[in-house]
Amino acid sequence: MALFNILQFPDPKLRTPAKPVTCVDNTIRQIVEDMFETMYDAPGIGLAATQVNVHKAIIVIDLSKEGQHPLCLINPKLLRSQGTQYEEEGCLSVPGIFEKIERAQEITVQALNQNGDTFTLTAEDLLAVCVLHEMDHLKGKLFVDHLSSIKRQRIRKKLVKARQDD
Ligand code: GNR
Ligand code: NI
């Protein structure tokens, strides 16, 4: 059991695109376990491997209050998306910042689970937001990239300053 350090915006390592996992072996399962631990500790409702400087296509999610619904997606692929929603998002890599972002309302993704089995997941509302937010991380994209460059600049300055002050 181990906690990962979470990279923070504007760390350029957050821009690294993830590589697909070629084999779901014990090394990958250990990364998944430590990602869950890091996400629950934070706490957050999702975590992408990119955020912990592991550039492999791995996502963990749990929207439940007490960590009863762990969901792991390896090599996620978007099969379908439908509708739009506009909800407030936050990110463990952009602490203390919350902004409304437009996302699909309902999505279907295909992925591998921790055993290496393929499954499909249809998600709506917050779960769809979370899966899309995490899939963006795997591409090196952050939720602040959906905002205007003026807003993103302001957020960057605020976070850099906050870190200098503590
Ligand atoms: O904990 C998180 N909460 C959240 C709220 C609204 C939309 C997306 C998220 S994901 C975030 C954790 C995180 O940064 N995952 O990458
Ligand atoms: Ni995030």
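Within segment 17-32, can one find any residue that is within 12 Å of ligand 1 (Cβ to nearest atom), at pLDDT 95 or above, more than 27 Å from SER149 (Cα to Cα) and not in a loop (DSSP other than H, G, I, E, B)? If you could, list the steps in order and put the result at the bottom.
Our first condition is that a residue be within 12 Å of ligand 1 (Cβ to nearest atom); within segment 17-32, this holds for none.
The answer is no; no qualifying residue exists.
What's the number of the only condition in (1) within 12 Å of the chain's Cα centre (by Cα); (2) under 19 Å from LEU159 (Cα atoms); (3) not in a helix (DSSP H, G or I) that VAL60 fails to meet?
For VAL60, the failing item is (2).
Taking segment 73-98, which residues are within 16 Å of ligand 2 (Cβ to nearest atom), touching a helix residue (DSSP H, G or I) at 6+ places or on another chain (Cβ under 9 Å) and within 18 Å of LEU47 (Cα to Cα)? Write out each step before concluding.
Taking segment 73-98 and keeping what is within 16 Å of ligand 2 (Cβ to nearest atom), we get 73, 76, 87-98.
Then drop every residue that is not touching a helix residue (DSSP H, G or I) at 6+ places or on another chain (Cβ under 9 Å), which leaves 73, 76, 87, 89-97.
Those that are within 16 Å of ligand 2 (Cβ to nearest atom), touching a helix residue (DSSP H, G or I) at 6+ places or on another chain (Cβ under 9 Å) and within 18 Å of LEU47 (Cα to Cα): LEU73, PRO76, GLU89, GLY90, CYS91, LEU92, SER93, VAL94, PRO95, GLY96, ILE97.
Collect the residues in segment 37-49 that are more than 9 Å from ligand 2 (Cβ to nearest atom) and either closer than 19 Å to THR16 by Cβ or open to solvent by less than 20 Å² (accessible area, probe 1.4 Å) (or both), keeping them in residue-number order. Can you show your working first?
Step one: list which residues in segment 37-49 are more than 9 Å from ligand 2 (Cβ to nearest atom), which gives 37-43, 45, 49.
Selection gives THR38, MET39, ALA49.
Determine which single condition GLY67 fails, assuming it passes every other condition in (1) in a loop (DSSP other than H, G, I, E, B); (2) modelled with pLDDT of 95 or more.
All conditions pass for GLY67, except number (2).
Restricting attention to segment 73-123, which residues are touching an Asp or Glu at 6+ places or on another chain (Cβ under 7 Å) and in a loop (DSSP other than H, G, I, E, B)?
GLY83, THR84, PHE98, GLN105
Taking interchain pairs and intrachain pairs at least six residues apart, which have beta carbon atoms under 9 angstrom, with the first residue in segment 110-139 and touching a residue at least 60 places away in the same chain (Cβ under 8 Å) and of a type in the set (A, V, I, L, M) and the second within 13 Å of ligand 1 (Cβ to nearest atom) and part of a helix (DSSP H, G or I)?
Once the first residue is touching a residue at least 60 places away in the same chain (Cβ under 8 Å) and of a type in the set (A, V, I, L, M) and sits in segment 110-139, its partners that are within 13 Å of ligand 1 (Cβ to nearest atom) and part of a helix (DSSP H, G or I) give LEU138/ALA49; LEU138/THR50.
Would you say GLU102 is away from ligand 2 (no atom under 16 Å from the Cβ) and farther than 18 Å from MET39 by Cβ?
Details: away from ligand 2 (no atom under 16 Å from the Cβ): yes; farther than 18 Å from MET39 by Cβ: yes.
Spelling it out, GLU102 is indeed away from ligand 2 (no atom under 16 Å from the Cβ) and farther than 18 Å from MET39 by Cβ.
In segment 50-75, which residue that is more than 13 Å from ligand 1 (Cβ to nearest atom) and under 15 Å from LEU121 (Cα atoms) is surrounded by the most Cβ atoms within 10 Å (Cβ to Cβ)?
Restricting to residues being more than 13 Å from ligand 1 (Cβ to nearest atom) and under 15 Å from LEU121 (Cα atoms), the top hit is ILE74.
Determine whether segment 138-160 contains at least one residue that is within 14 Å of the chain's Cα centre (by Cα), assigned to a helix (DSSP H, G or I) and among the aliphatic types (A, V, I, L, M).
Looking for residues that are within 14 Å of the chain's Cα centre (by Cα), assigned to a helix (DSSP H, G or I) and among the aliphatic types (A, V, I, L, M), one finds at least one in segment 138-160, hence yes.
For the condition closer than 22 Å to CYS23 by Cβ, of a type in the set (Val, Ile, Thr) and open to solvent by 80 Å² or more (accessible area, probe 1.4 Å), what is the one hit in THR122, THR118, THR84? Break it down stepwise before answering.
Numbers: THR122 fails: closer than 22 Å to CYS23 by Cβ; THR84 fails: closer than 22 Å to CYS23 by Cβ.
From the options THR122, THR118, THR84, the qualifying one is THR118.
Give me the pairs, please: first residue somewhere in segment 142-155 and farther than 15 Å from GLY96 by Cα, second residue anywhere and open to solvent by 20 Å² or more (accessible area, probe 1.4 Å), beta-carbon distance under 8 Å, and either six or more positions apart or on two chains.
ASP145/ARG152; HIS146/GLU102; LEU147/GLU99
I need a count of the residues in segment 2-23 that are open to solvent by less than 70 Å² (accessible area, probe 1.4 Å), in contact with a strand residue (DSSP E or B) (Cβ under 6 Å, 6 or more places away or on another chain) and more than 14 Å from ligand 2 (Cβ to nearest atom). Step through it out loud before you land on a result.
In the first step, residues of segment 2-23 are kept if they are open to solvent by less than 70 Å² (accessible area, probe 1.4 Å); the result is 2, 4, 6-11, 14, 16, 18, 21.
The next check asks that each one be in contact with a strand residue (DSSP E or B) (Cβ under 6 Å, 6 or more places away or on another chain); those that pass are 18, 21.
Filter once more, so that each one left must be more than 14 Å from ligand 2 (Cβ to nearest atom): 21.
Number satisfying all stated conditions: 1.
The values are calculated or read from the model by the stated rules, or taken from the named source; none is laboratory data. What you see is a predicted model, and the numbers here were worked out from it, not measured in a lab. Methodologically, a virtual Cβ is constructed for each residue, glycine included, from the backbone with ideal geometry; neighbour enumeration extends over all protein chains shown. Heavy atoms of the whole protein, side chains included, go into the accessibility calculation; ligands, DNA and RNA do not. Shrake-Rupley method; radii C 1.70, N 1.55, O 1.52, S 1.80 Å.
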